[in-house]
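One structure is given here, and the rest of the page talks about it.
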Amino acid sequence: MNSELNRRDFLKQGSLTALVTAMGSQIVFAHHMPPGYRPIFLDEKDALKGKSTEMIVQGDKPWNVETPVHLLDDRVTPVDKMFIRNNGLVPEKIDVANWTLTIDGESVKAPKTYSLADLKKKFKQHTYQLVLECGGNGRAGYQPQASGNQWGQGAVHCAQWTGVRLKDVLNDVGIKNDAVYIGYHGKDLHLSRDPKKESISRGVPMSKAMEDETLIAWQMNGQDIPEFHGYPLRLVIGGWPASVSGKWLSRISVRNKVHDGAKMEGHSYKLPRNPVVPGTDIPATDEYYKIIESMPVKSLITYPKTGAMLDPGKQLALRGHAWAGDHAVKKVEVSIDFGATWKECKLEAPVNRLAWQHWNTNIQFPANGYYEIWAKATDDKGNAQPMLVPGWNPGGYLNNACERIAVKVG
Ligand SMILES: Nc1nc2c(c(=O)[nH]1)N[C@H]1C(S)=C(S)[C@@H](COP(=O)(O)O)O[C@H]1N2
Ligand SMILES: [Mo]
């Protein structure tokens, strides 16, 4: 019996014997333990270890942890400031030495399995900085409230990922002509702890899977991928909802139809094809919903922090990042007069495709007092961030309304 089963048995029976087996040692003062007490040892792993103390906990079963926007100031997001979005439970025992990746599905010529060493040895390695933004980032802005984590705007990061191209691996396996989609499978446990259930198994069409920047990665920011972000192997697909970037990756299926794994069904990660009246639902079928692909244009003000008190008479050096899914950002503008006038900012090119772009500008305030600073990005197709929250949708996805902060001068 593995510890997983023991734990379940204990929770069901509450028996001290099962508990002792699960813990692997005697509880010396067991007779003083309050009835129903759950020893700390059996708690879920702590997602907040190594994270900034300013992180916002949305929930701990599963762990969902948001980054306050001002913490996203770094050009490359460090691990202590990366949001966490888990749908299930982090795998308990990660056996790196025997970790494998299997490529299977209807549309492979024959399934093939690689060890981590095979992947590292056999294929050319690449490093890209990639924006991973949760499809539900900004959900808290929707009224009436859409169900799901009430993310502010901090469910996004842009770290540097190292691994091999998915396309190189797929070409090595051999793909049939009828391939239309890939779907990932990870080793995290379903919340019910039922090993037959998956918490999430999503994917992308072949065209996205075969892009240069789509990686099977084992490093993040030059180190092993941190446990909560998918150690030891992760699919990383920038520019699309981060839910397609499968953590604890163990299998990729090449499908002859749109992948039908967990969280591909219902209206998960889908948008209504036509606007819906806020608060209403529509049938969760393809006729009414389409799968979210490239994420919309967006920007953040990462300095200063909202609520900042600024010295009178001084210029403010304002800065942040902007990104636009599969596209590039062409322009970032800021306003300090509630959108009456806009000032164009300096905007850098991305370090690579699908990385965020840094912007900055100097602001001179005309008088002491209260200001709001609004930022608005426009992509290379001419799409700009809306001033107001965009179309309400039942899943609360894709709120890319202009970022606003408040400051006081003097
Ligand atoms: N195996 C697995 N992969 C997963 C998830 C998960 O729960 N399990 N969550 C997805 C979702 S919804 C998001 S937004 C991102 C979050 O990545 P992060 O926790 O590294 O920030 O991982 C995605 N990949
Ligand atoms: Mo997500």
Legend entry - Per-residue HN-Hα couplings for the range 133-143 [Karplus 6.51, -1.76, 1.60; θ = phi - 60°; Hz; x = Gly/Pro]: 10, 4, x, x, 4, x, 4, 4, x, 8, 10
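Within a Cβ distance under 10 Å of residue 112, other residues only, what is the Lys/Arg minus Asp/Glu net charge? It would help to have the intermediate numbers written out before the result.
Details: positive: 109; negative: 104, 118, 172.
Here the charged neighbours net out to -2.
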Legend entry - Pairs beyond 25 Å (Cα-Cα), from 305/331; 122/197; 122/270: 122/197; 122/270
Inset, instruction - Within the set of other residues whose C-beta is less than 14 Å from the C-beta of residue 178, count the net charge using Lys and Arg as +1 and Asp and Glu as -1. - result: +3
Legend entry - Whole-Hz couplings from phi, Karplus 6.51/-1.76/1.60, listed for the range 388-402; x for Gly and Pro: 9, 4, x, x, 4, 8, x, x, x, 8, 6, 7, 10, 4, 3
Legend entry - Table column - 3J(HN,Hα) (Hz), the range 235-245, Karplus curve with 6.51, -1.76, 1.60, x for Gly and Pro: 7, 10, 10, x, x, 10, x, 4, 5, 8, 8
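Full-extension gain between residue 31 and residue 311, please, as 0.36 nm times their residue separation minus the C-alpha to C-alpha distance.
Values: separation 280, 0.36 × 280 = 100.80 nm, distance 6.12 nm.
Gain on extension, residue 31 to residue 311, equals 94.7 nm.
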Inset, instruction - Could you list the residues of the range 224-241 with an amide nitrogen less than 16 Å from a label point located 7 Å from the Cα of residue 121 in the Cα-to-C-beta direction? - result: none
Legend entry - Sorted peptide list for 84-97, 317-330, criterion being average Cβ within 10 angstrom, highest first: 317-330, 84-97
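Placing unit charges on C-beta atoms (Lys and Arg positive, Asp and Glu negative, everything else neutral), compute the dipole magnitude of the range 68-208 about its Cα centre in debye, rounded to 20. Working shown, then result.
On the way: 20 positive and 15 negative charges, 58 e Å.
Its charge dipole is roughly 280 debye.
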Inset, instruction - Quick one: give the max-minus-min coordinate of the C-alpha atoms of the range 63-291 along each principal axis, largest first, in Å. - result: 52, 41, 34
Inset, instruction - Pull up all non-local amide H partners of residue 181: gap of 5 or more, or a different chain, and H-to-H distance under 5 Å with H placed in the peptide plane. - result: 206, 255, 257
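List the trypsin sites (Lys or Arg not before Pro) in the range 134-227 that DSSP assigns to loop (not H, G, I, E or B) and whose Cβ has at most 10 other Cβ atoms within 10 Å. Which are they?
Details: sites: 139, 165, 167, 176, 187, 193, 196, 197, 202, 208; in loops: 176, 187, 193, 196, 197, 202.
Answer in residue order: 196.
Once the piece of chain linking residue 192 and residue 287 is laid out straight, how much longer is it, given 0.36 nm per residue of separation minus the C-alpha distance between them?
On the way: separation 95, 0.36 × 95 = 34.20 nm, distance 3.17 nm.
That works out to 31.0 nm of additional length.
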Inset, instruction - Calculate, for residue 102 and residue 45, the FRET efficiency according to 1/(1 + (r/R0)^6) with r their C-beta to C-beta distance and R0 22 Å; round to the nearest 0.05. - result: 0.30
Inset, instruction - Find the accessible area per residue for the range 298-409; the probe is 1.4 Å, ligands and nucleic acids are left out, and the unit is Å². - result: 45
Legend entry - Charge context of residue 138, other residues only, Cβ under 13 angstrom, K/R +1, D/E -1: 0
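Please report the orientation-averaged projected area of the range 322-396, defined via the convex hull of its C-alpha atoms, in nm². Before the final figure, lay out the partial values.
Numbers: hull surface 26.1 nm².
Mean orientational projected area (the range 322-396, Cα hull): 6.5 nm².
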Inset, instruction - Would you mind checking the tilt of helix 3-13 against the longest principal axis of the Cα atoms of the chain, expressed as 0 to 90 degrees and rounded to 10? - result: 90
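Assuming 1.567 mPa s and 4 °C, estimate D for the chain with Stokes-Einstein, Rh taken as the Kirkwood radius over Cα pairs, in µm²/s.
On the way: Rh = 23.0 Å.
For these conditions, the coefficient is 56 µm²/s.
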Legend entry - Accessible area in square angstrom per residue, the range 120-264, 1.4 angstrom probe: 34
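Under the 0.36 nm per residue contour assumption, what length would be gained going from the current alpha-carbon distance of residue 57 and residue 95 to full extension? Walk me through the intermediate numbers first.
Details: separation 38, 0.36 × 38 = 13.68 nm, distance 2.85 nm.
Stretched out fully, the residue 57 to residue 95 stretch lengthens by 10.8 nm.
The values are calculated or read from the model by the stated rules, or taken from the named source; none is laboratory data. The structure presented is a predicted model; accordingly, all values stated were derived computationally and were not measured. With ideal geometry, Cβ positions are generated from the backbone for all residues, glycine too; neighbour counts draw on all protein chains shown. The protein model used for the area step is the full one, side chains on, heavy atoms only, and it has no ligands, DNA or RNA in it. Shrake-Rupley method; radii C 1.70, N 1.55, O 1.52, S 1.80 Å.
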